[in-house]
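Here the structure comes first, spelled out in structure tokens, and everything after it is commentary.
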Amino acid sequence: MDILLHQYDTSPFSEKVRVCLGIKGLVWRAVDQPVIMPKPDLIALTGGYRRIPVMQIGADIYCDSVLIVRELERRYPTPTLFPTGTAGMDHAAAQWTDRGMFQAAVTVIFAGLGDAVDAEFIKDREAMSGQPFDPAAMRAAVPHMAAQLRAYAALIDEQLADGRAYLSGDRPGLIDANAYYNLWFVRASYPPAASAFGDLAHLAAWMERVAAIGHGDRSSATRPEAIAAARAASPQPGEIDDRDAALAGRNVVIAATDYGRDPVSGVLIGSSPHHVAIRRESDEAGTVAIHLPRIGYAIR
């Protein structure tokens, strides 16, 4: 079954996954989704989850870049995303790249874009975050956030100071994808903000090396094709962690705890310390299994 990545090209978290697909040299198909709501074809698969990216393999739907890269490694272990055997800490690095570093990047980008930011985009992001999306307030925060972004970038530069090609050594891995995508986001969305890290001695050459990895063998698929692929398949069987035994086969509701908290409901069919999976029925897509990370999500 094809790897289908529901994404859009300017999405920073999609870029993280695209780099991992490139490291593994995988064949995949991009299903372009709207940047803002409504996203009816995505919701038909996810049951309400609206964030990008989402990976689909048959009738199994994987939400959140953190879980997507974990599943890619499970299904396609060679070449590994962890060439030095540091999978736990490399996964943990997403807790700073996806939060503190990402927020610094968002602030310097949208403060710089200012009035050029579309009003519908602002309205959508306010609905997703539950907080004001105020470019004026972001401009006031730029001195602090630009310094934060530089501090994060300086950590990456420090790791490269011994002449290594990638953050773990001579082979790229998830840690490179995690560290790269926010800097890519700044450069691609508002290049003047890249001055916060442009003078760091080792960063530019490393970014060129990561960019040269590419995104694997990419082609396109339509949204109707993706829905048809889910309907034609069945979810993989799952196992439930002993700690979740009391919830096995019961209806549960899962939602993010930071932003984009749209709840997803279904029958619990799988779990581990790192993920939960629920089964739900959709008129459009049939029976699907929706997989979400454990960290950053609540089950009730």
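Could you state the orientation-averaged shadow area of the convex hull built on the Cα atoms of region 102-187, in nm² to one decimal?
6.4 nm²
Among all the aspartates and glutamates, which ones have a C-alpha under 15 Å from LYS123's C-alpha, if same-chain residues fewer than 8 places away are not counted?
Of all the aspartates and glutamates, those that pass the test against LYS123 - Cα under 15 Å, at least 8 places apart if same chain - are ASP115, ASP134.
Find the all-direction average of the projected area of the Cα convex hull for region 1-73, expressing the result in square nanometres with one decimal place.
4.4 nm²
For the ranges 234-240, 130-136, 190-196, 41-47, what's the packing order if you count other beta-carbon atoms within 10 Å of each residue, average per peptide, and put the highest first?
Ranked by mean Cβ neighbours within 10 Å, highest first: 41-47, 190-196, 234-240, 130-136.
Each residue of region 282-299 in turn: what ³J(HN,Hα) in whole Hz from Karplus with 6.51, -1.76, 1.60 and θ = phi - 60°, glycine and Pro shown as x?
Rounded to whole hertz, the list is 10, 4, 7, 9, x, 8, 10, 10, 9, 10, 10, x, 7, 5, x, 9, 10, 10.
Return one whole number: the accessible area per residue of region 121-163 in Å², for a 1.4 Å probe.
Heavy-atom accessible area per residue stands at 58 Å².
How large is Rg/Rh for region 124-168, to two decimals, with Cα atoms and a Kirkwood Rh?
Rg/Rh for region 124-168 comes to 1.24.
Suppose a student asked you for the relative contact order of the chain, using Cα pairs under 8 Å spaced at least 6 residues apart; what percent would you report?
27 percent.
How would you order 102-114, 59-71 from highest to lowest mean count of nearby Cβ atoms within 10 Å?
Ranked by mean Cβ neighbours within 10 Å, highest first: 59-71, 102-114.
Against the globular-protein guess of 2.2 N^0.38 Å, express the Cα radius of gyration of region 1-154 as a ratio, rounded to two decimals.
Rounded to two decimals, the normalised Rg is 1.14.
For region 5-59, what is the accessible area per residue in Å² when the probe is 1.4 Å?
Per residue, region 5-59 has 23 Å² of solvent-accessible surface.
Could you tell me the extents of region 120-268's C-alpha atoms along the three principal axes, largest first, rounded to whole Å?
Principal axes ranked by extent give 54, 42, 38 Å for the Cα atoms.
Counting only heavy atoms of protein chains, what accessible area per residue, in Å², does region 173-241 have with a probe of 1.4 Å?
Normalised by residue count, the accessible surface of region 173-241 is 48 Å².
What is region 137-257's relative contact order, in percent, from Cα pairs under 8 angstrom and six or more apart in sequence?
Computed value for region 137-257: 23 percent relative contact order.
Run down the lysines and flag those whose C-alpha is under 26 Å from the C-alpha of LYS24, throwing out any fewer than 8 positions away in its chain.
LYS16
Run the accessible area of the chain with a 1.4 Å probe and give the carbon-and-sulfur part as a rounded percent.
Ligands and nucleic acids excluded, carbon and sulfur reach 54 percent.
Could you check which residue among ALA211, ALA119, ALA289 shows the biggest mean-square fluctuation in a GNM of the chain with a 10 Å Cα cutoff?
Comparing ALA211, ALA119, ALA289 in the GNM, the peak value goes to ALA119.
Can you list the equivalent-ellipsoid semi-axes of region 96-139, largest first and in whole Å, using the square root of 5 times each Cα gyration tensor eigenvalue?
Whole-Å semi-axes of the equivalent ellipsoid: 17, 14, 8.
For all pairs of alpha-carbon atoms in region 211-300, what percent lies in each bin of width 5 Å, listed from the first bin to the last filled one?
Reading upward from the zero bin: 3, 12, 20, 19, 15, 15, 10, 5, 1, 0.
Within the chain, what percent of beta bridges assigned by DSSP are antiparallel, to the nearest 5?
70 percent
The values are calculated or read from the model by the stated rules, or taken from the named source; none is laboratory data. Quick caveat: nothing in here was measured; it's all calculated off a predicted structure. Positions of Cβ are generated from backbone atoms using ideal geometry, with glycine treated the same way; all protein chains shown enter the neighbour counts. Note: areas computed on protein heavy atoms with side chains; ligands, DNA, RNA excluded. Shrake-Rupley method; radii C 1.70, N 1.55, O 1.52, S 1.80 Å.
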